[in-house]
Amino acid sequence: MKLLKLTLPQIILFLVIFFSFFGPSIYVYALGSFSLFPYRIVLFVLIFYMLLNLLYNQGAISLKNIQVKEYLVFFLIWFLYAVFSVTWAASFQHAARDIFLLFTGVSLILFMVYFLSDLESLQGVYWLWLTVACITLLTAFWEITTGNHLAFSAYYQTTREKFLYVPTAVFKNPNDFATFLTFGAAFLIPFTRYKQGRFAKVSGLVVLIFLFLILLKTNSRANYIAVLLQISIIFMFLKSTKKMYVLFLAVVLGLGFFAVMPDKAVIFNQAYTHLEHILYELSVAGTSASTRINLAKNCIYFLLSSGGFGVGAGNAEYYMAGRQMYDTGGILNVHNWWMEILTNYGLFIITGYLYLYVKMIKSIIYYLKSEINTQERMFCEAALLGLVGFFAASLSPSSVMVLGFKWTFMGFVITLLNALRIRKGKKIEHHSNSPVLSYKI
């Protein structure tokens, strides 16, 4: 995709998407409790451009290329509900922060759908994601080998051996980075499978293996599960002959690797240790797993106390600080995206979100079972793997609302569905009655 083919708003939007991966890690200008960084600044520029465009056209806006109105309407309803929830939210400051984050995220999705209505533009998003994934992996390698971290990292200038060589890349903590890597795997796996040319396939495979090794260093167990889910989905979709080939190749490569480097067999011991650690944490109070369980129990208590409407935008953390029933050891963030939505916004919003989330998955599978070209199949598989992996990966970060790349991914999926509907004519994807796993690659 050549830059000259892009319009001005598309160029601005691609800058927004690029900076969404980095968030406040590049540069931050503080304005009291509010901070500005490139992602927000460029997004505001795009919003200003749209407002000027609306004024110039006397409020007229073309929606002929918008074929995913049900998704966009939900996000607008969610935003309005968040604003209305201020009327019962205990903390206006927490509510205002969450509403602003929701506004920027929803705006990004709307702009992606509006300005990127063709698959060529989506290829640009795909390449941006892969480029940033490589940048973060190189940054992580530097952290692991030197023990240094970027100034934005929570481990910057740490002297604790436990955190010294744990990578965070351009993110605040390893959990956020690991969640990004899960999405990165979702883009790399289809790239390796479908991109033409031996160099592209080998390069993709090398980067993918490197990504898995870096992911192991983050110690993010939720994202280990997320990547295993992604691999399982791909394996289930493979034809029987390909399954045997993949298994044979995996065994040969594995035996060859450990024959050349027998000392690396310690990876299996580490995996077993991780499993033991998880079982231990589930049974002992005060551990990470038990704390997360108490966080979830508090969330249910807060939800019931609100009559099912939610405690108000961003107020879960405020309630956790002063009204918790179960001890969380000083941890206030929910650490669970689904509980975060449920607690803050109630049953109505979480039901709508889950319905549309499942509908996205079913729609992607529908197109995968249809006659689509290689590029469309690569995009659809990336969307499917990302959506499936996010079910588990979303349990890792302290809060998903603040992660710009999550909104970029949702924008990618909805924009992909929009582009496919435009290209093939609007269809109701879930009318297909064939079993989900009947699709074979």
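The values are calculated or read from the model by the stated rules, or taken from the named source; none is laboratory data. Keep in mind it's a predicted model, so treat the numbers as computed, not measured. We place every Cβ from the backbone using ideal geometry, glycine too, and count neighbours over all the protein chains shown.
Details
- Looking only at segment 310-326, and only at residues there that are among the small types (Gly, Ala, Ser) and in contact (Cβ under 8 Å) with a residue 60 or more places away in the chain, the one that is surrounded by the fewest Cβ atoms within 10 Å (Cβ to Cβ): Gly310
- Residue among Leu137, Leu119, Leu72 that alone is hydrophobic (A, V, I, L, M, F, W, C), touching a residue at least 60 places away in the same chain (Cβ under 8 Å) and over 30 Å from Leu356 (Cα atoms): Leu137
- Yes/no for Ile331 being surrounded by fewer than 23 Cβ atoms within 10 Å (Cβ to Cβ), not aromatic (Phe, Trp, Tyr) and not in a loop (DSSP other than H, G, I, E, B): no
- Between Ala95, Ala178, Ala200, Ala90, the distinction of being within 30 Å of Ser305 (Cβ to Cβ) and assigned to a helix (DSSP H, G or I) belongs to Ala95 only.
- Candidate set from segment 396-422 (those that are among the small types (Gly, Ala, Ser) and in a loop (DSSP other than H, G, I, E, B)); member that is surrounded by the most Cβ atoms within 10 Å (Cβ to Cβ): Ser396
- Filter result for Thr343 (over 26 Å from Ala383 (Cα atoms) and at pLDDT 90 or above): yes
- Evaluating Leu332 against the criteria (1) at pLDDT 90 or above; (2) of a type in the set (A, V, I, L, M, F, W, C); (3) closer than 20 Å to Ile99 by Cβ leaves one unmet condition, (1).
- Candidates Gln58, Gln10, filtered to the one that is over 24 Å from Phe100 (Cβ atoms) and part of a loop (DSSP other than H, G, I, E, B): Gln58
- Segment 355-371, residues that are more than 21 Å from Leu72 (Cα to Cα), of a type outside the set (D, E, K, R) and either touching a strand residue (DSSP E or B) at 6+ places or on another chain (Cβ under 7 Å) or surrounded by fewer than 17 Cβ atoms within 10 Å (Cβ to Cβ) (or both): Ser370
- Verdict on Val388 being more than 25 Å from Leu13 (Cβ to Cβ), in contact (Cβ under 8 Å) with a residue 60 or more places away in the chain and of a type in the set (Val, Ile, Thr): yes
- Candidate set: segment 10-35, residues that are over 17 Å from the mean Cα position of the chain (by Cα) and of a type in the set (Ser, Thr, Tyr); chosen: the one surrounded by the most Cβ atoms within 10 Å (Cβ to Cβ): Ser25
Okay, residues lined up against (1) among the β-branched types (Val, Ile, Thr); (2) assigned to a helix (DSSP H, G or I); (3) touching a helix residue (DSSP H, G or I) at 6+ places or on another chain (Cβ under 6 Å); (4) modelled with pLDDT under 95:
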residue: Ala82; (1), (2), (3), (4): no, yes, yes, no
residue: Leu101; (1), (2), (3), (4): no, yes, no, no
residue: Ser107; (1), (2), (3), (4): no, yes, no, no
residue: Gln123; (1), (2), (3), (4): no, yes, no, yes
residue: Val132; (1), (2), (3), (4): yes, yes, no, no
residue: Thr136; (1), (2), (3), (4): yes, yes, no, no
residue: Trp142; (1), (2), (3), (4): no, yes, no, no
residue: His149; (1), (2), (3), (4): no, no, yes, yes
